[in-house]
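> Sharing a structure below in structure tokens format, with a few things to ask.
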Amino acid sequence: MEKLIPKIILDTDPGGDDIFALLWLISLVKQGLAELVAITTAEGNVAAEQTFAAASKILNLGGLNDVEIGRAVAVPHATTDAAHIHGSDGMGNLSQTLPESDRSFETAKYSDQVIIDALLAAPGAITILAIAPFTNLAAAETQHPGILRQAKEIVLMGGAFGCAGNITAHAEFNVAYHPEAAQVVLNSRSDIVMVPLDVTRSLIFTEAMAHTIQQANPESAIAQFIAALCSFMISTALTYRETQGDRGFLIHDAATVGYLFYPETFLWRRATVQIETQGLWTRGQTLIDNRQVAKAGANAWIATQVDAPNFFMGLIEDLKYL
């Protein structure tokens, strides 16, 4: 029997770790192991225009110019971005080193409509990897109730359960940026897959890993970009003590790709997850109801452990392919 190739929508707000997730997907597409249906960009790490431009340039760099890119749905309240981590362009301030894309932000379809149209065209066939604040997915569900149930699977990078947050003491960035949107998505179906900070904090992409990839083809524009972006991300990770002094950076968002293509590297638990949307100090906190009675109403699978060495073995070998 012919193996089915996963069809994927990547909802993203590039972002250094988002870019590594996207490059990993591009590699898998080039190997004939995945189909990238669309990129839906979101506000988050940087503003909407920058996330659209970054996604456009990375697809151009990877030779996938035929993939549709949606523009972000606006977040309905003021938020704080993460440009201090990812650079003002979301690309480690490296955007000027890449060729310009001819895509137009102003005429691009909004991301929620891209999601709706794709899921209606192929119900039950598309996996959504959501590695940004969940505004686009929530907008699609609000505009077309029940649409997210038409996805084959929805995989979120988000949340913090047994550890501190990375944007407040209690909240992870993607959830905290728009908590109401996260709750809409979690309410949309009973089998959401979540990869939280509890797991991704052990996924440190090191300088040595970038060097290994670059050595596979030192003259490659992609290899040179990976090395430069890695250097930038390491500098900010060290500044903000994200890796306890290790020369590397946390590759949070790439964990969703790892789950989809190397599922044996993760362990999971079933849970009922709710989002705190009202608290003054706890807004954006992800909460698990551990009572036995709550298990009947579970809405998510949450990653609890990751085999980091084998995860990175897959990532490095796939990125070498580029």
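> For residues that are in a loop (DSSP other than H, G, I, E, B) and out of contact with any helix residue (DSSP H, G or I) (no Cβ under 8 Å at 6 or more places or on another chain), scanning just segment 5-46, find the one that is surrounded by the fewest Cβ atoms within 10 Å (Cβ to Cβ). Explain how you work it out, then say what you get.
Within segment 5-46, the first condition is being in a loop (DSSP other than H, G, I, E, B), and the residues that meet it are 5-6, 13-15, 31-34, 42-46.
If we keep only those that are out of contact with any helix residue (DSSP H, G or I) (no Cβ under 8 Å at 6 or more places or on another chain) too, we end up with 5, 32.
Values: ILE5: 12, GLY32: 8.
Out of the qualifying residues, it is GLY32.
Each row is one residue, and each column tells you yes or no for (1) part of a loop (DSSP other than H, G, I, E, B); (2) farther than 22 Å from LEU25 by Cβ; (3) touching a residue at least 40 places away in the same chain (Cβ under 8 Å); (4) out of contact with any helix residue (DSSP H, G or I) (no Cβ under 9 Å at 6 or more places or on another chain).
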| residue | (1), (2), (3), (4) |
| --- | --- |
| SER104 | yes, yes, no, yes |
| THR107 | yes, yes, no, yes |
| GLY124 | yes, no, no, no |
| ASN136 | no, no, yes, no |
| ALA139 | no, yes, yes, no |
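> Another question, then. Quick one: what pairs do we get from segment 25-38, first residue within 16 Å of THR256 (Cα to Cα), second hydroxyl-bearing (Ser, Thr, Tyr) and at pLDDT below 95, C-beta under 6 Å, 6+ apart or different chains?
SER27/TYR321
> When you go through (1) assigned to a loop (DSSP other than H, G, I, E, B); (2) in contact with a Ser or Thr (Cβ under 9 Å, 6 or more places away or on another chain); (3) surrounded by fewer than 21 Cβ atoms within 10 Å (Cβ to Cβ) one by one for ASN60, which number turns out not to apply?
It fails just one condition, (1).
> Mind listing whichever residues of segment 96-118 are among the small types (Gly, Ala, Ser) and modelled with pLDDT under 95? Write out each step before concluding.
Within segment 96-118, the first condition is being among the small types (Gly, Ala, Ser), and the residues that meet it are 101, 104, 108, 111, 118.
Correct list: SER101 only.
> Working only within segment 179-208, note down all residues that are part of a helix (DSSP H, G or I) and among the acidic types (Asp, Glu).
From segment 179-208, those part of a helix (DSSP H, G or I) are 179-187, 197-200, 207-208; that's our starting set.
Correct list: GLU180, ASP198, GLU207.
> While we're here: Provide a single number: the residues in segment 297-322 that are part of a helix (DSSP H, G or I) and either loosely packed, with under 13 Cβ neighbours inside 10 Å or not polar (S, T, N, Q) (or both).
Going through segment 297-322, the residues part of a helix (DSSP H, G or I) turn out to be 297, 308-321.
Imposing the further condition that a residue be either loosely packed, with under 13 Cβ neighbours inside 10 Å or not polar (S, T, N, Q) (or both) reduces the set to 297, 308-309, 311-321.
Within segment 297-322, residues that are part of a helix (DSSP H, G or I) and either loosely packed, with under 13 Cβ neighbours inside 10 Å or not polar (S, T, N, Q) (or both) number 14.
> Answer with yes or no whether GLN150 is touching a Gly at 6+ places or on another chain (Cβ under 7 Å), over 30 Å from ILE234 (Cβ atoms) and among the polar types (S, T, N, Q). Walk me through how you get there before you give the answer.
Working: touching a Gly at 6+ places or on another chain (Cβ under 7 Å): yes; over 30 Å from ILE234 (Cβ atoms): yes; among the polar types (S, T, N, Q): yes.
For GLN150, the condition - touching a Gly at 6+ places or on another chain (Cβ under 7 Å), over 30 Å from ILE234 (Cβ atoms) and among the polar types (S, T, N, Q) - is met.
> For residues in segment 277-296 being more than 22 Å from the chain's Cα centre (by Cα) and assigned to a loop (DSSP other than H, G, I, E, B), which is modelled with the lowest pLDDT?
Residue satisfying both the conditions and the ranking: ARG291.
> Now for a separate question. Could you identify the single residue in GLU68, GLU49 that is touching a strand residue (DSSP E or B) at 6+ places or on another chain (Cβ under 8 Å), surrounded by fewer than 24 Cβ atoms within 10 Å (Cβ to Cβ), over 15 Å from LEU23 (Cα atoms) and among the charged types (D, E, K, R)?
Numbers: GLU49 fails: touching a strand residue (DSSP E or B) at 6+ places or on another chain (Cβ under 8 Å).
The conditions single out GLU68.
> Another question about this same structure. Determine whether ILE288 is of a type in the set (A, V, I, L, M), in contact with a helix residue (DSSP H, G or I) (Cβ under 8 Å, 6 or more places away or on another chain) and surrounded by 15 or more Cβ atoms within 10 Å (Cβ to Cβ).
Details: of a type in the set (A, V, I, L, M): yes; in contact with a helix residue (DSSP H, G or I) (Cβ under 8 Å, 6 or more places away or on another chain): no; surrounded by 15 or more Cβ atoms within 10 Å (Cβ to Cβ): yes.
So ILE288 does not fit the description; no.
> Let me ask another. Taking segment 173-191 on its own, how many of its residues are touching a helix residue (DSSP H, G or I) at 6+ places or on another chain (Cβ under 8 Å) and charged (D, E, K, R)?
2
> All but one of (1) closer than 22 Å to PHE20 by Cα; (2) of a type outside the set (A, V, I, L, M); (3) out of contact with any strand residue (DSSP E or B) (no Cβ under 9 Å at 6 or more places or on another chain); (4) not in a loop (DSSP other than H, G, I, E, B) hold for GLU100; state the number of the condition that does not hold.
Status for GLU100: all satisfied but (4).
> If you go through segment 184-219 one residue at a time, how many are surrounded by 15 or more Cβ atoms within 10 Å (Cβ to Cβ) and within 21 Å of LEU98 (Cα to Cα)?
Qualifying residue count for the region: 3.
The values are calculated or read from the model by the stated rules, or taken from the named source; none is laboratory data. Because the structure is predicted, anything quoted here is derived from the model rather than measured. Ideal geometry is used to build each Cβ from the backbone, glycine not excepted, and the neighbour counts take in all protein chains shown.
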